1. Give the residue that is surrounded by the most Cβ atoms within 10 Å (Cβ to Cβ), with candidates limited to residues of segment B:82-99 that are out of contact with any helix residue (DSSP H, G or I) (no Cβ under 7 Å at 6 or more places or on another chain) and part of a loop (DSSP other than H, G, I, E, B).
2. Out of curiosity, is residue A:60 modelled with pLDDT of 95 or more, more than 12 Å from every other protein chain (Cβ to nearest Cβ) and in contact with a Cys (Cβ under 9 Å, 6 or more places away or on another chain)?
3. Taking the criterion of being within 14 Å of chain B (Cβ to nearest Cβ), closer than 27 Å to residue B:78 by Cβ, free of Cβ contacts under 8 Å to residues at least 60 places away in the same chain and of a type in the set (A, V, I, L, M), would at least one residue in segment A:122-138 satisfy it?
4. Taking into account only those residues within segment B:56-100 that are farther than 18 Å from residue A:84 by Cβ and of a type in the set (Val, Ile, Thr), which is modelled with the lowest pLDDT?
Amino acid sequence: MKLTAHALLAALATTALLAGGSAQALTAADYQSVLIAAAKAAEPGFAGFSAERGAAFYRSTHGGDWSCASCHTEQPTQPGSHAVTHKQVKPLAPAANPERFTRADKIEKWFKRNCNDVLKRACTPREQGDFIAYLLSVK
Amino acid sequence: MNKTHKILALLALAAGATAATPTLAGGHAYGPFPASYIEECASCHVAYPPQLLTAPGWAQVMLQLDQHYGVDAGLDAKRRTAIADFLQRNASRRDKHAATAQPPRLAQTPWFRKEHGPLPQQAGKTLPAAAQCESCHRAAEHGDYTESGLRLPAGYRHMEH
């Protein structure tokens with residue numbers, strides 16, 4: 001699954017580079033299209049991502065101490081603050097911070113770290129897609 | 001060289017030194033730091049000077065990144081090795097920078113205690129944590145921990161020697 005996602009992303013990145021010549025090869029929507037394939041493979045009945053589900057996911061503490069909003073704030077267009085060190089975190093919503101979701105390695109790294117911190121497990125492709133759908137809906 | 005010349009020469013030296021400060025390699029008084037160190041470590045906290053902990057301390061930090069003081073700071077193997085090597089090369093060789101607690105912390109070394117007294121231990125919900133150097137050392141991001149850049153938040157008193 002992960003290898004497939006990587007291959008798709010590499011193809012997407014190459015296409016974007018050839019087409020635009022831009023160093024920022026990815027957009028959040030590009031990454032979502034990769035997640036759709038992964039979600040379909042993981043869930044036979046998968047019927048698309050939902051910003052609404054993503055919003056609920058973003059605010060839930062999932063039975064632990066933290067939610068996504070603990071660091072990224074209730075309003076992800078605003079700068080946040082690291083729950084442990086209080087260091088400022090740049091806004092998470094692409095509308096406020098266009099650098100978000102433009103590098104596959106960074107997206108995967110932070111999903112891995114933060115899902116472990118908040119949910120104590122990896123996030124599923126659907127959860128990641130819902131999460132991004134929500135962030136893209138925030139203006 | 002007469003006295004005036006000497007003073008002028010010293011002033012020129014001082015001016016040169018002042019002008020050079022912001023352009024230190026990597027923009028950091030303890031640097032230069034590799035870009036990976038800034039990107040991976042300084043996104044959650046100030047890029048701590050590697051010179052403030054001994055090599056065994058850093059080795060231990062880098063071996064348990066998935067459980068890094070309450071958060072997952074896991075890295076891919078290539079970046080982890082590069083950062084671990086950088087920390088080992090620049091680690092302190094002095095006992096006063098050896099951590100006295102587990103897991104090792106820069107704020108729990110004999111040197112840190114001597115410099116800061118009880119201040120960081122007062123950290124709590126309303127006061128900045130010891131991990132947040134920049135809350136008092138306003139220019140910590142650039143490695144400037146001198147007293148001229150020090151501004152203590154409400155509730156802290158400067159340590160009396």
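The values are calculated or read from the model by the stated rules, or taken from the named source; none is laboratory data. Since the structure is predicted, the reported quantities are computational estimates derived from the model, not experimental observations. Every residue, glycine as well, gets a Cβ built from its backbone with ideal geometry; the counts of neighbours run over all protein chains shown.
1. By that ranking, first place goes to B:94.
2. yes
3. yes
4. B:100
Results for (1) surrounded by 13 or more Cβ atoms within 10 Å (Cβ to Cβ); (2) under 25 Å from residue A:118 (Cβ atoms); (3) at pLDDT below 95; (4) not hydroxyl-bearing (Ser, Thr, Tyr), shown as yes or no for each residue.
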site	(1), (2), (3), (4)
A:15	no, no, yes, no
A:18	no, no, yes, yes
A:45	no, no, yes, yes
A:49	yes, yes, no, yes
A:53	yes, yes, no, yes
A:56	no, yes, no, yes
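Every residue, every condition in (1) within 11 Å of another protein chain (Cβ to nearest Cβ); (2) under 17 Å from the mean Cα position of the chain (by Cα); (3) not acidic (Asp, Glu), yes or no:
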{"site": "B:44", "(1), (2), (3)": "yes, yes, yes"}
{"site": "B:64", "(1), (2), (3)": "no, no, yes"}
{"site": "B:75", "(1), (2), (3)": "yes, no, yes"}
{"site": "B:87", "(1), (2), (3)": "no, yes, yes"}
{"site": "B:90", "(1), (2), (3)": "no, yes, yes"}
